[in-house]
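**Q** I'd like to ask you about the structure that follows.
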2 protein chains.
Amino acid sequence: MSRLLVRNYSISLDGYGAGPHQDVDNPLGIGGMQLHQWIFATRSFSQMIGAEGGSEGLDDDFFSERESGVGATIMGRNMFGPIRGPWDRSEWRGWWGEDPPFHHEVFVLTHHPHPPIEMEGGTTFYFMDGGIEAALSAAFEAAGDRDVLVGGGAATIRQYLRASLIDEMHLAIVPVLLGSGERLFDDLSPSANKYRCIERVCSPAVTHIRIARALRDDIPR
Amino acid sequence: MSRLLVRNYSISLDGYGAGPHQDVDNPLGIGGMQLHQWIFATRSFSQMIGAEGGSEGLDDDFFSERESGVGATIMGRNMFGPIRGPWDRSEWRGWWGEDPPFHHEVFVLTHHPHPPIEMEGGTTFYFMDGGIEAALSAAFEAAGDRDVLVGGGAATIRQYLRASLIDEMHLAIVPVLLGSGERLFDDLSPSANKYRCIERVCSPAVTHIRIARALRDDIPR
């Protein structure tokens, strides 16, 4: 059975998945880049961008598994780009260049309809204005027997968590304080009771946590 | 030079230092007791309550140091008791019985004046209605050359953090989701920039984090 997963999502010690004031110059918000240094230092990241070097170990183990068994991705509209409100004429095609690192169908949650954008390398962005459950159905259909990843941002993950729709989530807690920004965990109850920590390991850089939905049979899909 | 410290303060994975609906029956809020299981399991805790057993190791190392070098404690009024608003006639004397585990002067932040309460074993509760800095001055004076501990709760620690008055803070991140409750870290900027993580170690139960103010000379006291 296909699962809905979150992988390698970094939060600060004070719970933020991105810094404040996200815009085209600061896609991760002020200070948000610090949250991803543990990824940038891995060998898998170097390989992804066609560079040499990078370290092996626990962080690399997690990051190298990012796409394993994944057949589709869901993301929020604010992760797709810096444009807020109705789409403008800038023909924004995502942060990732002409060959984005997804290589499968990507479902972007938005309140504003937009035609699909077909990129190189097998990535197509579909814009879903029918709510999180409709986007999830489309993503599961696209993924076939593979899993679906929620890429982010914080608000999108939170919506799926509140609906108890995420099966398993891997977080990296980064020991920095951002002070403000996009909070991941907020007002989850009662879905908080449905999740249990199934793994917690410290690398030299971060604390990796995996949580999983405990009673998946209780929850209709 | 005396320091202002936080020790053994537990927060959930979603950032709460206590669960929701704190009252006389649930002093730590619904689900909040889970945050302190790592303490209850230690040998030091058993010794504190006059019991046998309990485990040694990292958690015990931290908890056994709770009062080391401490000469005074500050706490919020909501940590002292369940009464909100003006004091009533119940003659509440704290959660801790006639011989509280402080054995020194305790300064309780409140907006409502109250005469001091002298307990057994050297603990006296003083009620401070002049703001956090006045309470801090009184506590430093009482502590002499020893340190001052901020006991909690979340709102009190947050006020001192926002004012960059805390020198060092030890947190235990407990891998549970409470869903809602009393959030510790919220809107800290710009004081967030003044703190650095100086230690992070995982016990089997929790992740211990110590943060310290990086530029104490910049901050007038």
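The values are calculated or read from the model by the stated rules, or taken from the named source; none is laboratory data. Keep in mind that this is a model prediction, so the values were computed, not measured. Don't worry about glycine lacking a Cβ; one is built from the backbone with ideal geometry, like all the others, and counts go over all protein chains shown. To get the accessible areas, we keep the full protein, side chains included, count just its heavy atoms, and leave off ligands, DNA and RNA. Shrake-Rupley method; radii C 1.70, N 1.55, O 1.52, S 1.80 Å.
**Q** Taking the Cα centre of the stretch A:86-221 as origin, work out the dipole magnitude from +1 charges on Lys and Arg Cβ and -1 charges on Asp and Glu Cβ, in debye rounded to 20. Intermediate values should be presented prior to the final figure.
**A** Values: 13 positive and 20 negative charges, 141 e Å.
Its charge dipole is roughly 680 debye.
**Q** Something else about it: List the relative contact order of the stretch B:44-153 as a percent without decimals, with contacts defined as Cα pairs under 8 Å and 6+ residues apart.
**A** It comes to 31 percent, rounded to a whole number.
**Q** Can you put A:Ile74, A:Ile198 in order of accessible area, largest first, using a 1.4 Å probe?
**A** A:Ile198, A:Ile74
**Q** Pull up all non-local amide H partners of A:Asp147: gap of 5 or more, or a different chain, and H-to-H distance under 5 Å with H placed in the peptide plane.
**A** Those qualifying (amide H under 5 Å, at least 5 residues apart or on another chain) are A:Arg3, A:Val70, A:Gly71.
**Q** Excluding ligands, DNA and RNA, what is the solvent-accessible area per residue of the stretch A:71-221 at a probe of 1.4 Å, expressed in Å²? Could you put the intermediate results ahead of the total?
**A** Numbers: 6730 Å² over 151 residues.
Using a 1.4 Å probe on heavy atoms only, each residue of the stretch A:71-221 averages 45 Å².
**Q** Another question, then. Not counting ligands, DNA or RNA, and with a 1.4 Å probe, what is B:Leu184's accessible surface area in Å² rounded to the nearest 10?
**A** Ignoring ligands and nucleic acids, B:Leu184 comes out at about 0 Å².
**Q** Hey, another quick one. Quick one: which residues, 5+ away or cross-chain, put their amide H under 5 Å from the amide H of B:His103? H built at 1.01 Å from N.
**A** Excluding prolines and chain starts, which carry no amide H, the hits are B:Thr123.
**Q** Using only the Cα atoms of the stretch A:126-184, build the gyration tensor, take square roots of its eigenvalues as a ≥ b ≥ c, and label the shape rounded, prolate or oblate: rounded if a/c is under 1.5, else prolate if a/b is larger than b/c, else oblate. Don't skip to the answer; put the middle values down first.
**A** Numbers: a/c = 2.59, a/b = 1.83, b/c = 1.42.
Cα axes put the stretch A:126-184 in the prolate bin.
**Q** Just add up the charged neighbours of B:Ala155: K/R +1, D/E -1, any other residue whose Cβ is under 10 Å from the Cβ of B:Ala155.
**A** +1
**Q** For the stretch B:125-144 and the stretch A:147-221, write down the distance between their C-alpha centroids in whole Å.
**A** Taking the Cα centre of the stretch A:147-221 as reference, the centre of the stretch B:125-144 is 40 Å away.
**Q** Run the label-point distances for B:Pro113 please: 7 Å along Cα to Cβ, every other copy, nanometres, shortest first.
**A** 6.8
**Q** May I pose another question? Would you please classify the overall shape of the stretch B:123-221 from the alpha carbon gyration tensor, given that a ≥ b ≥ c denote the square roots of the eigenvalues, rounded means a/c under 1.5, and beyond that prolate means a/b larger than b/c while oblate covers the rest?
**A** On the way: a/c = 1.63, a/b = 1.41, b/c = 1.16.
Here the stretch B:123-221 falls in the prolate category.
**Q** Roll a 1.4 Å probe over the protein heavy atoms and report the accessible area of B:Trp95 in Å², nearest 10.
**A** 80
**Q** Where the label is 7 Å out from Cα toward Cβ, how close does A:Glu141 come to the same position in every other copy, in nm, shortest first?
**A** Values, ascending and in nm: 7.3.
**Q** Same structure, new question: I need the shape label for chain B. Rule: rounded when a/c is under 1.5, else prolate if a/b > b/c, else oblate, with a, b, c from the alpha carbon gyration tensor. Show your work: numbers first, answer last.
**A** Values: a/c = 1.27, a/b = 1.07, b/c = 1.19.
It is rounded, given that a/c, with a ≥ b ≥ c, falls under 1.5.
**Q** Right, something else. Using the Karplus curve 6.51 cos²θ - 1.76 cosθ + 1.60 with θ = phi - 60°, work out ³J(HN,Hα) for each residue of the stretch A:202-214 in order, rounded to whole Hz, and write x for Gly and Pro.
**A** Once θ is set to phi - 60°, the couplings for the stretch A:202-214 become 9, 8, x, 9, 9, 9, 8, 10, 10, 10, 9, 6, 7 Hz.
**Q** At 7 angstrom along the Cα-to-beta-carbon line, where would the label on B:Val201 sit relative to the other copies? Give the distances in nm, shortest first.
**A** Here B:Val201 shows inter-copy label distances of 2.1 nm.
**Q** At a Förster distance of 56 Å, what's the computed FRET efficiency of A:Glu98 paired with B:Gln47, Cβ-Cβ distance as r, to 0.05?
**A** Calculated value: 0.30.
**Q** Can you check what the net charge comes to around B:Glu118, using other residues whose Cβ is under 14 Å from the Cβ of B:Glu118 (Lys, Arg +1; Asp, Glu -1)?
**A** Around B:Glu118, the surrounding residues sum to -4.
**Q** Can you list the cysteines of the protein assembly as shown that have no other Cys Cβ under 4.7 Å away?
**A** If one checks each Cβ against the other cysteines of the protein assembly as shown, A:Cys197, B:Cys197 turn up with nothing under 4.7 Å.
**Q** Work through the residues other than A:Glu67 whose Cβ is under 11 Å from its Cβ and net out their charges, Lys, Arg +1 and Asp, Glu -1.
**A** +1
**Q** While we're here: If you plug each phi of the stretch A:41-57 into the Karplus form 6.51 cos²θ - 1.76 cosθ + 1.60 with θ = phi - 60°, what whole-Hz ³J(HN,Hα) values come out, in order, with x for Gly and Pro?
**A** In residue order, the calculated couplings are 7, 7, 5, 4, 5, 4, 4, 4, 9, x, 9, 9, x, x, 9, 8, x Hz.
**Q** Please arrange A:Met128, A:Met33 by accessible surface area, largest first, computed with a 1.4 Å probe and ligands excluded.
**A** These residues rank, largest area first, as A:Met33, A:Met128.
**Q** Can you give the FRET efficiency to the nearest 0.05 for B:Arg84 and B:Met1, using r as the Cβ-Cβ distance and R₀ = 56 Å?
**A** 0.95
**Q** Return the Cα extents of the stretch A:95-146 along principal axes one, two and three, sorted largest first, each rounded to a whole Å.
**A** That gives 29, 27, 15 Å along the principal axes, largest extent first.
**Q** If you don't mind, another one. P(r) for the protein assembly as shown: what percent of alpha-carbon pairs falls in each 20 Å bin, starting at zero?
**A** 23, 51, 23, 3
**Q** Using modelled backbone amide H atoms (1.01 Å from N, in-plane), which distant-in-sequence or interchain residues come within less than 5 Å of A:Met128's amide H?
**A** A:Val108, A:Leu109, A:Thr110
**Q** Considering chain A as a Gaussian network with a 10 Å cut-off on Cα pairs, which listed residue, A:Asn193, A:Asn78, A:Asn26, attains the greatest mean-square fluctuation?
**A** A:Asn193
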